[in-house]
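Working notes for the structure below.
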Amino acid sequence: PQAIRAGRALAESANGRLTLVEARFGDLAAETRALGFDRVDGVALDIGVSSMQFDEADRGFSFRFDGPLDMRMESAGRSAAEIVNEDDEERLADIIYNYGEERASRRIARFIVSSRPLNTAEQLAEIVTQAVPPRQVSDSLARTFQAVRIAVNDELGALEEGLEQAVDLLGPQGRLAVISFHSLED
């Protein structure tokens, strides 16, 4: 909602050539058709989390602030707290390794499981800090939080759906622009 509000002036200055929609990438075709378009000239996808979300402590996206361990882009589905408290050690390790590319994933998962329940970003950050050598803490925190966030929001699945739908929606000479941040999105 904040991004939509921030983009209103830009959309207004585009004289009807830009429509901002708050939805998941996997809803692209349905939302576009709901606006009355079967084809579009362009689609822009900005993948992942925004700095606004990182800066809101109550969203739990960042290890820099304490807040509820949520990480949901919207208020539906399982939260990060539910994943770290309910998934088994092997599943947690797979999430951290596959979505965070973290080599210490098994050790971090073991520490998480032995420290349950975890309900805040600060608690998760403390566990990761304990699980890895001091020189790895910063990178392991970033990778672990990224991994859990991607799992919470099924970000890669939503991206795949959005890309497929975007290609189907584009008219002749249409353009697709994707802003990515890390190698998994690439």
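Descriptive notes on the structure:
- Among the helices (runs of 4 or more DSSP H) confined to the stretch 1-110, the ones with at least 3 residues that are under 20 Å from Glu126 (Cα atoms) are located at 80-86, 89-100.
- Whichever residue in the stretch 111-129 is in a helix (DSSP H, G or I) and of a type in the set (Gly, Ala, Ser) and, among such residues, is surrounded by the most Cβ atoms within 10 Å (Cβ to Cβ): Ala121
- Test: residue in the stretch 130-139 that is under 28 Å from Asp46 (Cβ atoms), out of contact with any helix residue (DSSP H, G or I) (no Cβ under 8 Å at 6 or more places or on another chain) and assigned to a helix (DSSP H, G or I): yes
- Cβ separations smaller than 6 Å between residues 6+ apart or across chains give the following pairs from the stretch 4-30 residues that are free of Cβ contacts under 8 Å to residues at least 12 places away in the same chain to residues that are part of a loop (DSSP other than H, G, I, E, B) and surrounded by 12 or more Cβ atoms within 10 Å (Cβ to Cβ): Ala11/Leu18; Ala11/Leu20.
- Of all residues in the stretch 80-95, those that are touching a residue at least 12 places away in the same chain (Cβ under 8 Å) and hydrophobic (A, V, I, L, M, F, W, C) have Cβ atoms under 6 Å from Cβ atoms of residues that are assigned to a helix (DSSP H, G or I) and open to solvent by less than 10 Å² (accessible area, probe 1.4 Å), 6 or more apart or on another chain, in Ala80/Val148; Val84/Ile112; Leu92/Ala109; Leu92/Ile112; Ala93/Ser105; Ala93/Ala109; Ile95/Ala147.
- Val132 falls short on exactly one of the conditions (1) in contact with a Ser or Thr (Cβ under 6 Å, 6 or more places away or on another chain); (2) farther than 21 Å from Asp66 by Cβ, and that condition is (2).
The values are calculated or read from the model by the stated rules, or taken from the named source; none is laboratory data. Just so you know, these numbers come straight off a predicted model, no measurement behind them. Neighbour counts run over all protein chains shown; Cβ positions are idealised from the backbone, glycine included. Heads up: the accessible areas ignore ligands, DNA and RNA and are worked out on the full protein's heavy atoms, side chains in. Shrake-Rupley method; radii C 1.70, N 1.55, O 1.52, S 1.80 Å.
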